[in-house]
1. Determine whether TYR422 is buried (at least 22 other Cβ atoms within 10 Å of the Cβ), outside any loop (DSSP other than H, G, I, E, B) and in contact with a helix residue (DSSP H, G or I) (Cβ under 7 Å, 6 or more places away or on another chain).
2. Tell me yes or no: at least one residue of the range 436-455 is more than 22 Å from HIS291 (Cα to Cα), at pLDDT 95 or above and small (Gly, Ala, Ser).
3. If a residue counts only when it is of a type in the set (A, V, I, L, M), under 19 Å from ILE161 (Cα atoms) and assigned by TED's automatic domain parsing to the domain that holds VAL215, which helices (runs of 4 or more DSSP H) contained entirely in the range 4-78 have at least 2 such residues?
4. If we keep just the residues of the range 135-173 that are among the basic types (Lys, Arg) and surrounded by fewer than 24 Cβ atoms within 10 Å (Cβ to Cβ), which is nearest to TYR92 (Cα to Cα)?
5. From the residues in the range 435-445 that are touching a strand residue (DSSP E or B) at 6+ places or on another chain (Cβ under 7 Å) and in a helix (DSSP H, G or I), which one is surrounded by the fewest Cβ atoms within 10 Å (Cβ to Cβ)?
6. If you take the residues of the range 221-271 that are out of contact with any helix residue (DSSP H, G or I) (no Cβ under 8 Å at 6 or more places or on another chain) and among the hydroxyl-bearing types (Ser, Thr, Tyr), which of them is surrounded by the fewest Cβ atoms within 10 Å (Cβ to Cβ)?
7. Out of ILE41, ILE14, I need the residue that is free of Cβ contacts under 8 Å to residues at least 40 places away in the same chain and either of a type in the set (Val, Ile, Thr) or buried (at least 22 other Cβ atoms within 10 Å of the Cβ) (or both). Which one?
8. Criterion first (crowded, with 21+ Cβ neighbours inside 10 Å, in the same structural domain as GLU186 (by TED's automatic domain parsing) and assigned to a helix (DSSP H, G or I)) does THR97 satisfy it?
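The values are calculated or read from the model by the stated rules, or taken from the named source; none is laboratory data. Given the structure is predicted, the values throughout are model-derived calculations rather than measurements. Here the Cβ is made from the backbone with ideal geometry for all residues, glycine too, and neighbour counts use every protein chain on show.
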Amino acid sequence: MGGFFGVVSHHDAISDVFFGTDYHSHLGTARGGMAAYDPQIGLQRDIHNIQNAPFRTKFEHIFEEMKGFASIGCISDAAPQPLLIRSNLGTYAICVTGVINNAAALIHQYLSFSGGHFDAMTGGAVNPTELVAAMINQKSDFTEGIHFAQQVIDGTASILILKDDGSLIAARDRFGRLPIHIGKDEDGYCVSFESYAYLKLGYTKLRELGPGEIVQLTADGITQLAPPGKEMRICAFLWSYYGYPTSSYEGVNVELMRYRNGEIMARHDAEEGNAEGVDYVGGVPDSGTPHAIGYANESRIPFARPYIKYTPTWSRSFMPQNQVDRNKIAKMKQIPIHELIEGKNLLFVDDSIVRGTQLKETVDFLYANGAKAVHMRSACPPIMYGCKYLNFSRATSDMELITRRTIMELEGEEGFQYLEEYSDSKTERGKNLRRAICEKFHFSSLEFQSLEGVIESIGLDPCKLCTYCWNGKE
């Protein structure tokens, strides 16, 4: 994923952008960056690797190193940004969140006619943000350039630009798969992925940009450069998984959605007579916890935390880039509470089941500490397709997904013609999928939230939600 934060103001913007960007740290683990504009200095930029240290630690000296009344910051799980670009449109700083699936084709096409070049990274790869800038610069103004870039990109691109006149341009991706919020205080405006980030800094909510909408912001006002489109496909995983609990998107709070989601799962289990005799309901921390609270509240089964994550030194299990290291750190962080595990029938709710590697180790850990039974619930439907619009559940092959691998074992490639049946717990194929995953991971039972249940818990019109990873529909 990734997220950005920007401010244009009558007062120095560095402090607000430092804290606002830091509030997006849950969205990326690779790079953090800030850029600023000052009339005397011009554009400034600083980027740090945040794989082994948080954003705030790497940027703690930014107040002495950078100044300006306009600034942008970015958390990224991929290439470094923001970048400083000098082009026919002027000099500017740019951040991009999203993914470009056709990068190779766009690079080839651009180089074939432009006579230009890219700053190549290791292995010859091109920074996706630089590629977006190259697309923008093919046109005569930013609005036309952003429209062109978003049209030729196969994927998603939300864009934040800091110009060399101190103004900001914010452009939400064409189908609004990612959010962009606009906030206001007495001295200016801010742009943010997460709503709580600007509210915590004293800004009030002005509005969210619509899909494909482009605006320009100065300290004195906002100008709409392009109106919003009519179609929206905001990612449903914003609420299920990677959105922060205190945030709201399209007016729907993440934490409350997760409570409703858990309640719906509990009602389904009660109707089906599933997981009877459970002693405690717990969440796979952290994002599974609110789903579990909703489940416990509805089912009247006590909520408990049979194990705790040790976070003072290992705050994020996905911090290392190597999967083996991620698994090792996840295991080291799990501290059991034996009185809540030994001899107990436990039901856990996880936000999702993608590959299942860490989840299997968690279940083995619970049995090793004396659990009598471990039932598992996924707060979203079976993931059948790797996401091609964002970086969540992205994979080099759909066969990395536990659902696809299990279906292959059950029925071979022919089974992929029946993915809808496998998603449905009421069909024979659906029951076989759940039974097979239970055997792999030693679950006492397994169920997934239905697509209808997720949509109900979010509360938006289904046509406004992207559910591609579950049903393959664009």
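1. Numbers: buried (at least 22 other Cβ atoms within 10 Å of the Cβ): yes; outside any loop (DSSP other than H, G, I, E, B): yes; in contact with a helix residue (DSSP H, G or I) (Cβ under 7 Å, 6 or more places away or on another chain): yes.
When the stated conditions are applied, TYR422 passes them.
2. Yes; the residues of the range 436-455 include at least one that is more than 22 Å from HIS291 (Cα to Cα), at pLDDT 95 or above and small (Gly, Ala, Ser).
3. Working: elements: 14-22, 55-58, 62-65.
Qualifying helices (runs of 4 or more DSSP H): 14-22.
4. Filtering the range 135-173 for residues among the basic types (Lys, Arg) gives 139, 163, 172.
Restricting the remaining residues to those that are surrounded by fewer than 24 Cβ atoms within 10 Å (Cβ to Cβ) gives 139, 163.
Details: LYS139: 15, LYS163: 5 Å.
The qualifying residue nearest to TYR92 (Cα to Cα) is LYS163.
5. CYS438
6. THR223
7. Values: ILE14 fails: free of Cβ contacts under 8 Å to residues at least 40 places away in the same chain.
Selected residue: ILE41, the only one of ILE41, ILE14 that is free of Cβ contacts under 8 Å to residues at least 40 places away in the same chain and either of a type in the set (Val, Ile, Thr) or buried (at least 22 other Cβ atoms within 10 Å of the Cβ) (or both).
8. On the way: crowded, with 21+ Cβ neighbours inside 10 Å: yes; in the same structural domain as GLU186 (by TED's automatic domain parsing): yes; assigned to a helix (DSSP H, G or I): no.
When the stated conditions are applied, THR97 does not pass them.
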